[in-house]
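No lab work stands behind these numbers, since they all come straight from the coordinates. Values in this document were obtained by computation on a predicted structure and should not be read as measured data. When we count neighbours, we look across all protein chains shown, and the Cβ atoms used for this are built from the backbone with ideal geometry, even at glycine.
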Amino acid sequence: MSVQRKRYPRIVLRFFLVLIAFITLFPLLWGISCSLRSDTEIFQYARPLSFHTFFPVQVTFESYVSIFRDFGFQRPIINTLYVSAITIVLGCLINSVAALAFAKFEFKGKKPIFFVILISFMIPFESIALPLYGVVNSFHWVNTFSGIIIPCLADGLVLFLFNQFFKDFPQSILEAAKIDGASLPRLYTRIVLPLSTPVFVTAGLMIFMNQWNAYLWPLVIARSPEIRLVQIALASFKMERVTLWSCLYAASMVSALIPLFLFLPFQKYYVQGITSSGIKG
């Protein structure tokens, strides 16, 4: 009887865990199902609810072929990967160097400047989009990759992540390197970088997700289809009089699965970087 009493809470717990997992995965499963059927079939079995509302009668990959053949969806993907790669490299470099200065060096105005940086990532981007556009336009960067990338390099949240990690960085190692005559660039490249892999991976993934999911700023700054990013390209499947639902679902699945496959190999480093960075406090 006692064994059965112990099993009952476990069964209930597992049931709720499975239920939560199903609720979490349902949008993804629904998107995959709709991307493997035609628009006609989607509307035909939409109501009333039945087995074929969720599972296609005839599986077809035509929508996946169409988004690349007819809509050139590969171009926005390549553009987004390019923008993300450049932003990750330069963003990690700029924010990590600044964070190292805040964490390990003393200079006038250090605390007020750092406070302003902390406030900066709490400000909604929508409130600065128009003034930022004016600045970018004055540099003639509208409708260029520079206009998309450069305003996103300095990130207060990424700098805060690096700063919290570098606070726990052993000061003795840096002092020993200085005694041996290491310059600041050499200290950064030979000592800081090799010992900070987890936080760099974490910051890189954060920057990548920000760029991959960016909508407002690419919408404002990138007018030409040649430099359009993936989230903007998704809107091209919703036309004036009709929405190509199967193609929209297929493109959404591609845009969702690419960051998922990139994230999974680095999941261990991401968790390690978060737990060791000081976001914990």
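Highest mean packing first, where packing is the average number of other Cβ atoms within 10 Å per residue, the peptides 21-30, 226-235 line up as 226-235, 21-30. The calculated 222 nm mean residue ellipticity attributable to helices in the chain amounts to -21000 deg cm²/dmol, summing -39500 (n - 2.57) over DSSP H runs of n ≥ 4 and dividing by all residues.
Scattering from the range 2-60 was approximated by placing one identical point on each alpha carbon and applying the Debye formula without solvent; log10 I(q)/I(0) at 0.12, 0.22, 0.27 1/Å stands at -0.46, -0.83, -1.03. Straight Cα distances below 16 angstrom link residue 111 to none of the aspartates and glutamates, with same-chain residues fewer than 8 positions distant left out. Less than 18 Å from a label point 7 Å out along the Cα-to-Cβ axis of residue 242: which backbone N atoms in the range 44-82 qualify, by residue? What the label zone holds, given the 18 Å backbone N cut-off, is 44-45, 62-72. Report the local net charge at residue 229: Lys and Arg +1, Asp and Glu -1, summed over other residues whose C-beta lies under 13 Å from its C-beta. Its environment carries a net charge of +2.
This structure gives percent of Cα pairs over 27 Å apart, computed directly, and of (1) 41; (2) 38; (3) 56 that value is listed as (3).
On the basis of the beta-carbon distance and an R0 of 51 Å, residue 138 and residue 179 show a calculated FRET efficiency of 0.65. On a 0 to 90° scale, report how tilted helix 110-120 is relative to the longest principal axis of the chain, with both axes built from alpha carbons and the result rounded to the nearest 10. Helix 110-120 sits at roughly 10 degrees to that axis.
Only Cα sites of the range 108-177 enter the Debye sum here, all with the same form factor; the resulting log10 I(q)/I(0) across q = 0.14, 0.23, 0.25, 0.28 1/Å is -0.63, -1.07, -1.14, -1.21, listed in q order.
Subtracting the Cα-Cα distance of residue 105 and residue 85 from their residue separation scaled by 0.36 nm leaves 4.3 nm. The ellipsoid equivalent to the alpha-carbon distribution of the range 1-117 has semi-axes of 46, 34, 11 angstrom, derived from the gyration tensor eigenvalues as √(5λ) and listed largest first.
Each principal axis of the range 142-211 carries a Cα extent, and these read 49, 21, 17 Å when sorted largest first.
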